[in-house]
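Asker: Take a look at the following structure, please.
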Amino acid sequence: MPILIFQNFDGNVKQIDVNSNDNDDLIRKAEELGVPFGCTDGRCASCRIKVTEGMENLSEITKNERALGMNEKEPYRLMCQCKIKGGVVKIGV
């Protein structure tokens, strides 16, 4: 089962198991960890996170993320647009 690790501004680290390739489960679990969400369809960017480890374990960047200027060269993703394929993904806001 994939693992999502979240480090907040205070340096506190929390980790939670998520279902593979399940965006709805990932959104619920990320909310539990403290990631803020607004629209959940990739338009508001309130769930923008920095991926500090495991970018290769996430799904491909979506057209909504590209419309906001995100690309593979930067460590940022929209949590509402991601799916974890497996392994460990470490994020911060």
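Asker: Within the range 63-93, which residues are surrounded by fewer than 17 Cβ atoms within 10 Å (Cβ to Cβ) and among the polar types (S, T, N, Q)?
Answerer: Passing the criteria: Asn64, Asn71.
Asker: List pairs: first in the range 51-67 and within 11 Å of Leu78 (Cβ to Cβ), second open to solvent by 30 Å² or more (accessible area, probe 1.4 Å) and of a type in the set (S, T, N, Q), Cβ under 7 Å, 6+ apart or cross-chain?
Answerer: Cβ pairs passing all conditions: Ile61/Asn71; Thr62/Gln81; Asn64/Gln81; Glu65/Gln81.
Asker: Same structure, new question: In this structure, does Glu53 turn out to be at negative phi and surrounded by fewer than 13 Cβ atoms within 10 Å (Cβ to Cβ)?
Answerer: Numbers: at negative phi: yes; surrounded by fewer than 13 Cβ atoms within 10 Å (Cβ to Cβ): no.
Taking the combined requirement at face value, the residue does not satisfy it.
Asker: Select the strands (runs of 3 or more DSSP E) contained entirely in the range 1-89, then report the ones holding at least 1 residues which are under 11 Å from the mean Cα position of the chain (by Cα). Can you show your working first?
Answerer: Numbers: elements: 3-7, 13-17, 48-53, 76-78.
The qualifying strands (runs of 3 or more DSSP E) are 3-7, 48-53, 76-78.
Asker: Please go through the range 1-47 and pick out each residue that is closer than 18 Å to Asn57 by Cα and among the charged types (D, E, K, R).
Answerer: Asp17, Asp22, Asp24, Asp25, Lys29, listed by residue number.
Asker: Mind telling me which of the residues Leu78, Leu33, Leu26 ends up being without any contact (Cβ under 8 Å) to a residue 60 or more places away in the chain and out of contact with any helix residue (DSSP H, G or I) (no Cβ under 9 Å at 6 or more places or on another chain)? Full working, then the answer.
Answerer: On the way: Leu78 fails: out of contact with any helix residue (DSSP H, G or I) (no Cβ under 9 Å at 6 or more places or on another chain); Leu26 fails: out of contact with any helix residue (DSSP H, G or I) (no Cβ under 9 Å at 6 or more places or on another chain).
When all the criteria are applied, what remains is Leu33.
The values are calculated or read from the model by the stated rules, or taken from the named source; none is laboratory data. Worth saying up front: this structure is predicted, and the values here are computed from it rather than measured. Here Cβ is always computed from backbone atoms with ideal geometry, including for glycine, and neighbour counts include all displayed protein chains. The accessibility values were calculated without ligands, DNA or RNA, using every heavy atom of the protein model including side chains. Shrake-Rupley method; radii C 1.70, N 1.55, O 1.52, S 1.80 Å.
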